[in-house]
Amino acid sequence: MPRPRSLTLTQIAAAALAVVDRDGLAAVSMRTVAGELGMGTMSLYRYVSDRSQLEELVVDLVLRAVDLHVPRGGPAKRLGVLADRVRVAVSGHPGVVPLLLTHRHRSPSSRRWGETVLAVLTDAGLTGEQRVIAFRTILGYVFGALQVAHFGPLSGPGTAALAALPPEEFPILAETAADAATIPPEEEFRRGFAIVLRGLGL
């Protein structure tokens, strides 16, 4: 007779996320997560099959924190709030950023967020291919902006290096980088998304 399960997938996801937050994404393995849970590695295989499933659970746990209540207002306001909630949820766990694109389609929380965004687009009159392109554009911006901010933040050394370029050779690039260094990440995200929405006619 099989032994009863004593752990939930949420508990396992929380343990894996704790490893990511403390030691970085590269530290996540069946062994380290089992250790975080105080159990043997082989015992963890009773619940999850491999590291990839651990990553899926982590992504879903982080995105589960995103409030899906749609605020009042026009489509631009509603979409802006929904997008920013993803940014806020992920910003608390930056080590998860590289996993978002590869695992979002398997995350129930991500799918629910996508359904909510699509409902707003539908209410705005978008259907068929127009809705597909708008949705993909929004996905590309939200998850892409999080990746860019994670790997190359405006406050990082890359921006400083560009700002230090010789102005006689790269006048506009150097000036733009100098301006970029003063923009907070949340402002960069929100203003960039507003440009995307205007381009979509929303």
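Please work out if residue 70 is crowded, with 21+ Cβ neighbours inside 10 Å, more than 19 Å from residue 105 (Cα to Cα) and among the β-branched types (Val, Ile, Thr).
On the way: crowded, with 21+ Cβ neighbours inside 10 Å: no; more than 19 Å from residue 105 (Cα to Cα): yes; among the β-branched types (Val, Ile, Thr): yes.
Against the criterion (crowded, with 21+ Cβ neighbours inside 10 Å, more than 19 Å from residue 105 (Cα to Cα) and among the β-branched types (Val, Ile, Thr)), residue 70 does not qualify.
Counting only residues that are crowded, with 18+ Cβ neighbours inside 10 Å, under 21 Å from residue 193 (Cα atoms) and free of Cβ contacts under 8 Å to residues at least 60 places away in the same chain, how many does region 86-112 have?
Adding up the residues that qualify gives 6.
Does at least one position in region 78-100 carry a residue that is more than 30 Å from residue 20 (Cα to Cα), basic (Lys, Arg) and modelled with pLDDT under 95?
Step one: of region 78-100, the residues more than 30 Å from residue 20 (Cα to Cα) are 78.
Cutting the leftovers down to basic (Lys, Arg) gives us 78.
Adding the requirement that they be modelled with pLDDT under 95 leaves none.
Checking region 78-100: not a single residue is more than 30 Å from residue 20 (Cα to Cα), basic (Lys, Arg) and modelled with pLDDT under 95.
Mind listing whichever residues of region 1-58 are part of a loop (DSSP other than H, G, I, E, B) and of a type in the set (Gly, Ala, Ser)? Before the answer, list the steps.
Let us first name the residues in region 1-58 that are part of a loop (DSSP other than H, G, I, E, B), namely 1-8, 24, 28-29, 38-40, 45-50.
Once the filter is applied, which keeps residues that are part of a loop (DSSP other than H, G, I, E, B) and of a type in the set (Gly, Ala, Ser), region 1-58 yields 6, 24, 29, 38, 40, 49.
From 137, 182, 102, which residue is over 30 Å from residue 13 (Cβ atoms) and hydroxyl-bearing (Ser, Thr, Tyr)? I'd like the intermediate steps shown before the answer.
Details: 137 fails: over 30 Å from residue 13 (Cβ atoms); 102 fails: over 30 Å from residue 13 (Cβ atoms).
After applying the criteria, what remains is 182.
For region 159-180, what are the residues that are closer than 24 Å to residue 84 by Cβ and surrounded by 14 or more Cβ atoms within 10 Å (Cβ to Cβ)? Steps first, answer last, please.
If we filter region 159-180 for residues that are closer than 24 Å to residue 84 by Cβ, which is where we start, we get 159, 179-180.
Across region 159-180, the qualifying residues are 159, 180.
Determine if region 130-146 includes at least one residue that is outside any helix (DSSP H, G or I) and surrounded by 14 or more Cβ atoms within 10 Å (Cβ to Cβ). Even if it seems obvious, please write down each step before you answer.
To start, the set of residues in region 130-146 that are outside any helix (DSSP H, G or I) comprises none.
So far as region 130-146 goes, no, none of its residues is outside any helix (DSSP H, G or I) and surrounded by 14 or more Cβ atoms within 10 Å (Cβ to Cβ).
The values are calculated or read from the model by the stated rules, or taken from the named source; none is laboratory data. For clarity, every value in this text was computed on a predicted model and none was experimentally measured. All Cβ positions, glycine included, derive from the backbone under ideal geometry; neighbour counts span all protein chains shown.
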